[in-house]
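Report on the structure given below.
The values are calculated or read from the model by the stated rules, or taken from the named source; none is laboratory data. All values reported here derive from a predicted model rather than from experimental measurement. Because the Cβ atoms are built from the backbone with ideal geometry, glycine has one as well, and the counts that use them run over all protein chains shown.
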Amino acid sequence: MNIPLLSLMIFAPLGMFFLMFFLPQKAAKLHKTFSLGASLAVFVLSCVVLGGFRPNASKQFAELLPLIDKWGIAYNVSVDGISIFLLMLVTFLTPIVVLCSYKYITKNAREFYALILLLESGMIGTLVAADAMLFYVFWELMLIPMFFIIGMWGGERRVYATIKFVLFTLVGSLLLLVGIIYTAWRAADGGQMSFAIADLQRVILTSKEQLWLFGAFSLAFAFKVPLFPLHTWLPDAHTEAPTGGSVILAGVLLKMGVYGFLRFVFPLLPEASHVFAPLMILLSIIGIIYGALVAFVQTDIKKLVAYSSVSHLGYVMLGLFVFSLQGLQGGMYQMISHGLSTGALFLIVGMLYERRHTRLMAEFGGLAKTVPLLAVVFMITMLSSAGLPGLNGFVGELLILLAAFSASPLYAAFAATGVILGAVYLFHLYQKVMFGPITKPENKNLPDLSLREAIIMVPIIALMVFMGLFPNPILKRTEPSMRKVLEQVNRSPVQAVSSIGRFSQTAGGRE
């Protein structure tokens, strides 16, 4: 096919973003229908891309258009096994976010739905960019709509949460830009500059350069993950964001940090990745346990789900830094699973908030009697997040723990405590909300799952079950690209470094 599918996916929502402002301000129904139709059209295009995708490590559906020849900057886009399912996650969740916002977004609805489409364009562009400068432009573009979504439609502390979110991510973005420019300069080596990611990945950097660049790249991506202890912006952003913003933030934006490690850090900085691996594994395990423990003591349901993301993303980072195919594939699978299960949990929190206008666990109880369908949906989603065999959360966690055990039984032993603690805080949440006596009169006559809410939740639950029972379609398509990443990160012979004291020796110059 000669149709530029990736460009259509990027620029269709961007074009719709501008067209939205020609619609009448007060035509709320038209805004909803327009944005839903646009996001569904992009989802259909992504399904065409997935249907034509072949399980190999090559770049597919590639498009190239030179932009600034002197600096080697080009409009260069493509997909591979690392980006294809994250791309599907973006296009799948966006219409769900639009649909879930129908009821509670009443003020400035046109602007809200326009920003959702702009955010979708930025997320797609980030995932398909094969030029580092193009990647950076889309990376920054994602920040703008999320800033306004939290700041305009968020909770009481939305201004504080928005400023904190922007400051954390902006610091990381500046470091990312410095790293990209320096690597492109080194790639030129006195000749023609190029920002093509494939060209940057072929640069041979000294050990000292790799250590400094690892600091720049990894901090930028670790802020976005967020890796412990850089996670403090996340609970505030999640708690204050509207439901749709929380779904996109948890479902997709956090994954962009992990994607950055796979796309930039491992291929560009193999030696430094091995040097810092023990530290990154330690921080990942701390994040797993810390996130689960802090989630358990929360009284606000939305904060509990927010801290659960810190724990789950710790598993993803652990899978990456044990440097095995099993770990990389487990990390990728866990990213997609987390996007579905945690996104669904935030949707359910939004449904509960619409009914009671509170997120405090103490205000609920006995809801299984009054909203049985919602209770069933909540139970499946909770079990998915807890990693029940047969649902999507189990496969990724199992692969990561097996990979961690192969690297060190101690890693697996500590990481496995997160599985236990995850079941504890999730079952505690479910018991508090759905069982026990109905102590609040407001809980006696709550409406059950509506048709709109069922349309939102049924596809997500279907994917949870499918991914839990049939992991091979995803694993098969991601394996060649993950093997390539593994070859890149292991291309330089390095010795395992187990203490911080070796870092300064390595930084002294070439090894």
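Suppose the filter is under 24 Å from TYR136 (Cβ atoms) and crowded, with 24+ Cβ neighbours inside 10 Å; does ILE288 pass it?
Details: under 24 Å from TYR136 (Cβ atoms): no; crowded, with 24+ Cβ neighbours inside 10 Å: yes.
No, not satisfied.
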Open item on the list: Kindly evaluate LEU352 against the criterion of being buried (at least 21 other Cβ atoms within 10 Å of the Cβ), under 28 Å from LEU451 (Cβ atoms) and over 26 Å from the mean Cα position of the chain (by Cα).
Closed with: no
Open item on the list: Just the residues that are farther than 13 Å from PHE112 by Cα and either in contact with a His (Cβ under 8 Å, 6 or more places away or on another chain) or hydrophobic (A, V, I, L, M, F, W, C) (or both), please, taken from the stretch 31-43.
Closed with: ALA38, LEU40, ALA41, VAL42, PHE43
Open item on the list: Just the residues that are more than 21 Å from LEU249 (Cβ to Cβ), touching a residue at least 60 places away in the same chain (Cβ under 8 Å) and among the aliphatic types (A, V, I, L, M), please, taken from the stretch 281-321.
Closed with: ILE281, ILE285, ILE289, LEU293, LEU318
Task: Selection status of VAL98, buried (at least 24 other Cβ atoms within 10 Å of the Cβ), under 30 Å from GLY154 (Cβ atoms) and touching a Lys or Arg at 6+ places or on another chain (Cβ under 9 Å) - done: yes
Open item on the list: Taking the conditions exactly as written (modelled with pLDDT of 90 or more, within 26 Å of SER273 (Cα to Cα), of a type in the set (Lys, Arg) and surrounded by fewer than 18 Cβ atoms within 10 Å (Cβ to Cβ)), does ARG483 satisfy them or not?
Closed with: yes
Open item on the list: Being β-branched (Val, Ile, Thr) and not in a helix (DSSP H, G or I) is the filter here; which residues of the stretch 307-338 pass it?
Closed with: VAL322
Task: Residue that is surrounded by the fewest Cβ atoms within 10 Å (Cβ to Cβ), among those in the stretch 371-397 that are touching a helix residue (DSSP H, G or I) at 6+ places or on another chain (Cβ under 7 Å) and not in a helix (DSSP H, G or I) - done: GLY390
- [ ] State which residue is modelled with the lowest pLDDT when the search covers only the stretch 54-92 and only residues that are more than 19 Å from ARG477 (Cβ to Cβ) and aromatic (Phe, Trp, Tyr).
- [x] TRP71
Task: Filtered residue count, the stretch 407-460, keeping only those that are surrounded by fewer than 17 Cβ atoms within 10 Å (Cβ to Cβ), of a type in the set (A, V, I, L, M, F, W, C) and more than 27 Å from SER101 (Cα to Cα) - done: 8
Task: the stretch 212-259, subset of a type in the set (Gly, Ala, Ser) and surrounded by fewer than 23 Cβ atoms within 10 Å (Cβ to Cβ), residue farthest from ALA130 (Cα to Cα) - done: GLY215
Task: Residue within the stretch 32-52 that is buried (at least 19 other Cβ atoms within 10 Å of the Cβ) and assigned to a strand (DSSP E or B) present - done: no
Task: Residues (of a type in the set (A, V, I, L, M) and either modelled with pLDDT under 90 or touching a Phe, Trp or Tyr at 6+ places or on another chain (Cβ under 7 Å) (or both)) located in the stretch 224-251 - done: VAL225, LEU227, LEU230, LEU234, ALA237, ALA241, VAL247, LEU249, ALA250
TODO: Could you list, in sequence order, all residues of the stretch 3-18 that are surrounded by 13 or more Cβ atoms within 10 Å (Cβ to Cβ) and closer than 17 Å to LEU115 by Cβ?
DONE: ILE10, PHE11, ALA12, PRO13, LEU14, GLY15, MET16, PHE17
Open item on the list: Looking at ASP199 and the list (1) in contact with a helix residue (DSSP H, G or I) (Cβ under 8 Å, 6 or more places away or on another chain); (2) assigned to a loop (DSSP other than H, G, I, E, B); (3) surrounded by fewer than 20 Cβ atoms within 10 Å (Cβ to Cβ), which single condition is not satisfied?
Closed with: (2)
Task: Pick from the stretch 26-53, criterion in contact with a helix residue (DSSP H, G or I) (Cβ under 6 Å, 6 or more places away or on another chain) and farther than 18 Å from PHE92 by Cβ, ranking: modelled with the lowest pLDDT - done: ALA28
Open item on the list: Which pairs turn up if I take residues in the stretch 223-248 that are in contact (Cβ under 8 Å) with a residue 24 or more places away in the chain and look for partners that are part of a helix (DSSP H, G or I) and of a type in the set (Lys, Arg) with beta carbon separation below 7 Å, at least 6 apart in sequence or on another chain?
Closed with: TRP233/LYS164; PRO235/LYS303; ASP236/LYS164; HIS238/LYS302; THR239/LYS302; THR239/LYS303; GLU240/ARG158
- [ ] Report yes if LEU93 is surrounded by fewer than 15 Cβ atoms within 10 Å (Cβ to Cβ) and assigned to a helix (DSSP H, G or I), otherwise no.
- [x] no
Task: Residue in the stretch 103-110 that is under 30 Å from ILE149 (Cα atoms), crowded, with 21+ Cβ neighbours inside 10 Å and at pLDDT 90 or above present - done: no
- [ ] Could you please find all residues in the stretch 288-306 being in contact with a Lys or Arg (Cβ under 8 Å, 6 or more places away or on another chain) and outside any helix (DSSP H, G or I)?
- [x] ASP300
Task: Single match in LYS70, LYS26 (criterion: charged (D, E, K, R), over 20 Å from TYR259 (Cβ atoms) and assigned to a helix (DSSP H, G or I)) - done: LYS70
- [ ] From (1) over 20 Å from PRO235 (Cα atoms); (2) touching a Gly at 6+ places or on another chain (Cβ under 6 Å); (3) part of a helix (DSSP H, G or I), pick out the condition that doesn't hold for SER341.
- [x] (1)
Task: Which listed residue, of PHE135, PHE112, PHE195, PHE148, is out of contact with any Pro (no Cβ under 9 Å at 6 or more places or on another chain) and within 30 Å of ARG452 (Cβ to Cβ) - done: PHE148
Open item on the list: So if I check each of LEU219, LEU174, LEU167, which one is closer than 28 Å to GLN329 by Cα and either in a helix (DSSP H, G or I) or modelled with pLDDT of 85 or more (or both)?
Closed with: LEU219
